[in-house]
Amino acid sequence: MTAYKLDHIGVAVVSIDDALDVYRALGLEEVHREEVPTQKVKTAFLPIGESRVELLEPTSEDSPVARFLLRRGGGVHHICFAVEDIEAALADLEKRGFRLLDSRPVAGADGKRVAFLHPDAGHGVLIELSQSDGAR
């Protein structure tokens, strides 16, 4: 199992529209926005180089991002690594003793399948794995 790129950095925000100003001032532009019901968020993607910034706005008070905002305020929520075979990656990580939040992938933003590792596995960093239909 090898992660082949940093897919995105997820940033929790109260409002995507309010958060966009600073990213636009840095020359980034939103290219895609969607609601992800499985995660109870709205997302907006802003490409930078070969990666992206993903702004995450909760759509429900009981969403993981809403809970994050209540505990910590806005800021970096997670980092996401792209993998070619997410099921194999999860099996390998679990076999190595890393704690998973998702034992199977779920539907994520941008048509990708995603799964999260427990922050303990990333020494306090929430790590997401993603696989697109075409993988690489």
Could you list, in sequence order, the residues of segment 2-43 that are in contact (Cβ under 8 Å) with a residue 24 or more places away in the chain, over 22 Å from residue 64 (Cβ atoms) and open to solvent by 70 Å² or more (accessible area, probe 1.4 Å)? 2, 5
State whether one or more residues within segment 88-104 are open to solvent by 30 Å² or more (accessible area, probe 1.4 Å), farther than 21 Å from residue 68 by Cα and in contact with a helix residue (DSSP H, G or I) (Cβ under 8 Å, 6 or more places away or on another chain). yes
In this structure, does residue 7 turn out to be charged (D, E, K, R) and closer than 20 Å to residue 105 by Cα? yes
Is there a residue in segment 44-58 that is farther than 18 Å from residue 7 by Cβ and open to solvent by 20 Å² or more (accessible area, probe 1.4 Å)? yes
Collect the residues in segment 10-51 that are basic (Lys, Arg) and under 18 Å from residue 107 (Cβ atoms), keeping them in residue-number order. 33, 40, 42
Which pairs do you get when a residue that is over 11 Å from residue 36 (Cβ atoms), found in segment 51-80, comes within reach of a residue that is among the acidic types (Asp, Glu) and open to solvent by less than 20 Å² (accessible area, probe 1.4 Å), reach meaning Cβ atoms under 8 angstrom, with the pair 6+ apart or on two chains? 51/7; 52/7; 78/128; 79/128; 80/7; 80/54; 80/128
Go through (1) open to solvent by 50 Å² or more (accessible area, probe 1.4 Å); (2) without any contact (Cβ under 8 Å) to a residue 60 or more places away in the chain; (3) more than 21 Å from residue 16 (Cβ to Cβ) one by one and return the number of the condition residue 131 breaks. (1)
Conditions first: (1) within 16 Å of residue 114 (Cβ to Cβ); (2) among the hydrophobic types (A, V, I, L, M, F, W, C); (3) in a strand (DSSP E or B). Residue 65 passes all but one, so which condition is the exception? (3)
Condition check for residue 120: out of contact with any Lys or Arg (no Cβ under 6 Å at 6 or more places or on another chain), open to solvent by 30 Å² or more (accessible area, probe 1.4 Å) and part of a loop (DSSP other than H, G, I, E, B): no
Mind listing whichever residues of segment 68-89 are farther than 19 Å from residue 108 by Cα and outside any strand (DSSP E or B)? 69, 70, 71, 72, 73, 74
Among the numbered criteria (1) open to solvent by less than 80 Å² (accessible area, probe 1.4 Å); (2) within 20 Å of residue 45 (Cα to Cα); (3) of a type in the set (A, V, I, L, M), which single criterion is violated by residue 76? (1)
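The values are calculated or read from the model by the stated rules, or taken from the named source; none is laboratory data. Quick caveat, the model's predicted, so the values are computed rather than measured. Please note: Cβ atoms are built from the backbone with ideal geometry, for glycine as well, and neighbour counts cover all protein chains shown. The accessibility values were calculated without ligands, DNA or RNA, using every heavy atom of the protein model including side chains. Shrake-Rupley method; radii C 1.70, N 1.55, O 1.52, S 1.80 Å.
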